[in-house]
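Reading through the structure tokens given below for one structure.
The values are calculated or read from the model by the stated rules, or taken from the named source; none is laboratory data. Note that the structure is predicted; figures quoted are calculated from it, not measured. In this analysis, Cβ positions are derived from the backbone assuming ideal geometry, glycine residues included, and neighbour counts consider all displayed protein chains.
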């Protein structure tokens, strides 16, 4: 049973957001002209998207830059009114009863810090404790648990400005989750972090998810998606182009495999039936792509061995990056998951 | 000059991109200068004044101060804010990576065209003042022009000092306030102050050159002290530039 | 939540935010040090200017200008500086910075009214200001400059300064809210700063303005920020030919504060409608 079918925690129907802005020139003359007369333009940042997020799930919201992901997340957090459409999160309509709604959610926006720069995170935590009205016992227990998960130790008692980006991001997570929110929105939480810090954040998200927190995550890091997301929603040009799980995502382009072949000797004009040569690293090293749903692997291997001699071969799944890139490039044609 | 011209063009484009704010800032800065001598107007309106000085003579001191401040507003003041913020945020390296002198880059990349309205306000005040004072002579105008240039150099030097202090007092946005309180002495006839104060504002930190001495020259009231005051201006400028360069070496990349 | 519980909760938040702000700003000791230089220096300038002006008046047989003696002027400017250290804030600048950088979003995501958060920040900041700006400058004025600064009616003075604390905050907050409509709202702040510096009495006592202007100023909010508390500290209030008892003028000040509070709430609601309409 999918997360969405288990019980929708978040319901989005025909969500649309339109902005009005002005065309500004780039050359000096255009800038001076636009000082006296400006052309108004309408931008549809989000265009009629609908999806569900199940309770206790982790949903990845993907899309190229400017696709409408952050605008969608802002509407889900109640900090932006939609132009039209419906949103329901845990029974709340986010942009109504803001104070009551935001008690139930947490958010980490990668570029917008809640921590106060010149003092230790522990002081910022205490401030949030007062704002959310967290009882002391619960606060101590939860803070201790999260600090242990992140192995922060005394770091929380150093001024924020001396912490590394990874340490600061861990503290941002703690800040966002001290009050035990049921749903947490993450907008590019691993941006700029090293591989170890990223892995710690992912492990943390998994641990908290196991305790029942629902996560909605926007990211450009596909490792985040592969490790965490059980549901993926892809937005492009403001429209939803994919909604399903990871295995369905991989199969959107068919059951494609990448074959790396090391030839025994150069083979000019080599052609393999039902496979396409997509790269040549040298005279002897080729990369092919084949759809094994159309040609089984055994048949493919027969085709290759009948046409050339090779000293090494590897067959792997199409990288997620390639899948996503092709979906982004294909535009807004929706793909069912 | 090419770099300067390009930076001026960019700063004008940037300022004009925010149309409402550009118009508002220009208007505010212009009218704020008609409010500037308000205290003087009200003092003389009460029936009193500064002994030995008419209202228009005091207004001329404040007009010259305003014109010099306006030039500072356009060309120099941005140096302080950009330096202050860059040091605080650990971004000063961006300036140091440019293949030009850091102080030069700091000045040309901080031009604020809206300050032109302050200059215009000062010119308007000066026109009103000069219409009610003794006629100008070639000698008085020449002398005043020389002293005015010295005053502009003092304005630049004060900004240099403030920017240099930013390397030590990281993130302190009140440094201009501190220097502003010293500059207050320069807005009035210097003979209202005791000798010790006048010595400070003429020799140690020659802020009196920003308004008083050039105005006194225009009024034909320049004396030996006016000429002597040129030397401290030169020394002050050299010291300010040296101080700024020295403080760059102390720069700490973590913003203090 | 019951009213008592709600008040206790708000006091806890105020205490937590004020404490955090106090700690944050105590990392910038040099900020406070600047006040110790600026205030006394500005007073020195005023001393010599008014000494010259009153000397000139005395030469013509006048010892008072607009009913104020030289000694009263010194008390006025001394009190003016000290009141500023107790009541100033950066609510306008802070709010414009938050909106300009997009960080206001982090407050929309928390169950707190941002104006209350900003007020709590002011409390923390001014507690720091009390110890590191007000007290040192008070000592300088009392013992170095020998200006007699003890108000003749301390209770009314304390109440008026407290109301000025609130008034400054509400007006600055209203100015800060303009950032929700204007991308670069520094211009509006500048307009307000200029008007306030002139019409609050910071530059010169308001009685020096022409009588017609004084009568207009009587109905504007600026006088309640500095002129009223400064005059209450000198023991008498007069503006536009109107003389009021301290009780009456402090009462009027309280009404002005209430009006400013209501205006800030109305503007805040409009700002939130705009914020959630066009985003951060």
Of residues in the stretch C:49-97 being in contact (Cβ under 8 Å) with a residue 24 or more places away in the chain and part of a loop (DSSP other than H, G, I, E, B), the one surrounded by the most Cβ atoms within 10 Å (Cβ to Cβ)
C:89
Among the numbered conditions (1) within 8 Å of chain C (Cβ to nearest Cβ); (2) touching a strand residue (DSSP E or B) at 6+ places or on another chain (Cβ under 8 Å); (3) surrounded by fewer than 22 Cβ atoms within 10 Å (Cβ to Cβ); (4) touching a residue at least 24 places away in the same chain (Cβ under 8 Å), tell me where residue A:100 comes up short.
(4)
Taking the stretch C:232-248 and keeping residues part of a helix (DSSP H, G or I) and free of Cβ contacts under 8 Å to residues at least 40 places away in the same chain leaves C:248
Could you look through the stretch A:230-257, keep only residues that are part of a helix (DSSP H, G or I) and either surrounded by fewer than 22 Cβ atoms within 10 Å (Cβ to Cβ) or without any contact (Cβ under 8 Å) to a residue 12 or more places away in the chain (or both), and pick out the one that is nearest to the chain's Cα centre (by Cα)?
A:246
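Checking the structure you have, find out if any residue of the stretch C:17-30 is within 26 Å of residue B:166 (Cα to Cα), away from every other protein chain (no Cβ under 11 Å) and part of a helix (DSSP H, G or I).
no
Per-residue answers, yes or no, for (1) touching a residue at least 40 places away in the same chain (Cβ under 8 Å); (2) more than 9 Å from every other protein chain (Cβ to nearest Cβ); (3) not in a helix (DSSP H, G or I):
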| site | (1), (2), (3) |
| --- | --- |
| A:79 | no, no, yes |
| A:114 | yes, no, yes |
| A:143 | no, yes, no |
| A:171 | yes, yes, no |
| A:176 | yes, no, no |
| A:184 | yes, yes, yes |
Suppose we filter B:144, B:134, B:86, B:102 for residues that are more than 14 Å from chain C (Cβ to nearest Cβ) and at pLDDT 90 or above; which single one remains?
B:144
Per-region count, the stretch B:178-197, residues more than 24 Å from residue B:41 (Cα to Cα) and either surrounded by 16 or more Cβ atoms within 10 Å (Cβ to Cβ) or in contact (Cβ under 8 Å) with a residue 60 or more places away in the chain (or both)
3
Of the conditions (1) surrounded by fewer than 22 Cβ atoms within 10 Å (Cβ to Cβ); (2) under 28 Å from residue A:120 (Cβ atoms); (3) in contact with a helix residue (DSSP H, G or I) (Cβ under 9 Å, 6 or more places away or on another chain); (4) free of Cβ contacts under 8 Å to residues at least 40 places away in the same chain, residue A:227 satisfies every one except a single condition; which number is it?
(2)
Evaluate the stretch A:193-209: report whether one residue or more is crowded, with 16+ Cβ neighbours inside 10 Å, in contact with a strand residue (DSSP E or B) (Cβ under 6 Å, 6 or more places away or on another chain) and either closer than 25 Å to residue A:66 by Cα or modelled with pLDDT under 90 (or both).
no
Looking at (1) within 30 Å of residue B:8 (Cβ to Cβ); (2) modelled with pLDDT of 85 or more, which is the only condition residue A:33 fails?
(2)
Can you pull out the residues in the stretch B:147-173 that are assigned to a helix (DSSP H, G or I), buried (at least 23 other Cβ atoms within 10 Å of the Cβ) and within 12 Å of chain C (Cβ to nearest Cβ)?
B:162
Looking at (1) in contact with a helix residue (DSSP H, G or I) (Cβ under 8 Å, 6 or more places away or on another chain); (2) modelled with pLDDT of 85 or more, can you tell me which one residue B:109 breaks?
(2)
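Here's the yes/no breakdown for (1) surrounded by fewer than 17 Cβ atoms within 10 Å (Cβ to Cβ); (2) more than 30 Å from residue B:49 (Cβ to Cβ); (3) in contact with a helix residue (DSSP H, G or I) (Cβ under 6 Å, 6 or more places away or on another chain):
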residue: C:204; (1), (2), (3): no, no, yes
residue: C:219; (1), (2), (3): yes, yes, no
residue: C:233; (1), (2), (3): no, no, yes
residue: C:244; (1), (2), (3): no, yes, no
residue: C:255; (1), (2), (3): yes, yes, no
residue: C:271; (1), (2), (3): no, yes, yes
residue: C:277; (1), (2), (3): yes, yes, no
Residue A:128 - would you say it is within 25 Å of the chain's Cα centre (by Cα) and either more than 10 Å from chain C (Cβ to nearest Cβ) or assigned to a helix (DSSP H, G or I) (or both)?
no
Could you tell me whether any residue of the stretch C:140-153 is crowded, with 18+ Cβ neighbours inside 10 Å, part of a helix (DSSP H, G or I) and either more than 14 Å from chain A (Cβ to nearest Cβ) or at pLDDT 90 or above (or both)?
yes
Under the condition of being facing another protein chain (nearest Cβ under 7 Å) and without any contact (Cβ under 8 Å) to a residue 40 or more places away in the chain, which residue from the stretch C:2-14 is farthest from residue C:123 (Cα to Cα)?
C:9
Could you please tell me which pairs satisfy a Cβ distance under 8 Å, a separation of 6+ or placement on different chains, a first residue in the stretch C:256-280 that is within 14 Å of chain A (Cβ to nearest Cβ) and over 15 Å from residue C:175 (Cα atoms), and a second residue that is modelled with pLDDT under 95 and surrounded by fewer than 17 Cβ atoms within 10 Å (Cβ to Cβ)?
C:274/C:181; C:278/A:19; C:279/A:19; C:280/C:102
Among the helices (runs of 4 or more DSSP H) lying completely within the stretch B:174-256, list those that include at least 1 residues that are within 14 Å of chain C (Cβ to nearest Cβ).
B:175-183, B:195-199, B:212-218
Modelled with pLDDT under 95 and either in a helix (DSSP H, G or I) or within 14 Å of chain B (Cβ to nearest Cβ) (or both): is that true of residue C:197 in this structure?
yes
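Condition check ((1) part of a loop (DSSP other than H, G, I, E, B); (2) modelled with pLDDT under 85; (3) closer than 19 Å to residue A:217 by Cβ) across all residues:
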position: A:4; (1), (2), (3): no, yes, yes
position: A:47; (1), (2), (3): no, no, no
position: A:52; (1), (2), (3): no, no, yes
position: A:73; (1), (2), (3): no, no, yes
More than 21 Å from the chain's Cα centre (by Cα), modelled with pLDDT under 70, crowded, with 17+ Cβ neighbours inside 10 Å and farther than 30 Å from residue B:101 by Cβ: is that true of residue B:21 in this structure?
yes
Of all residues being assigned to a loop (DSSP other than H, G, I, E, B) and out of contact with any helix residue (DSSP H, G or I) (no Cβ under 8 Å at 6 or more places or on another chain) in the stretch B:35-65, which is nearest to the other protein chains (Cβ to nearest Cβ)? Just the residue, please.
B:53
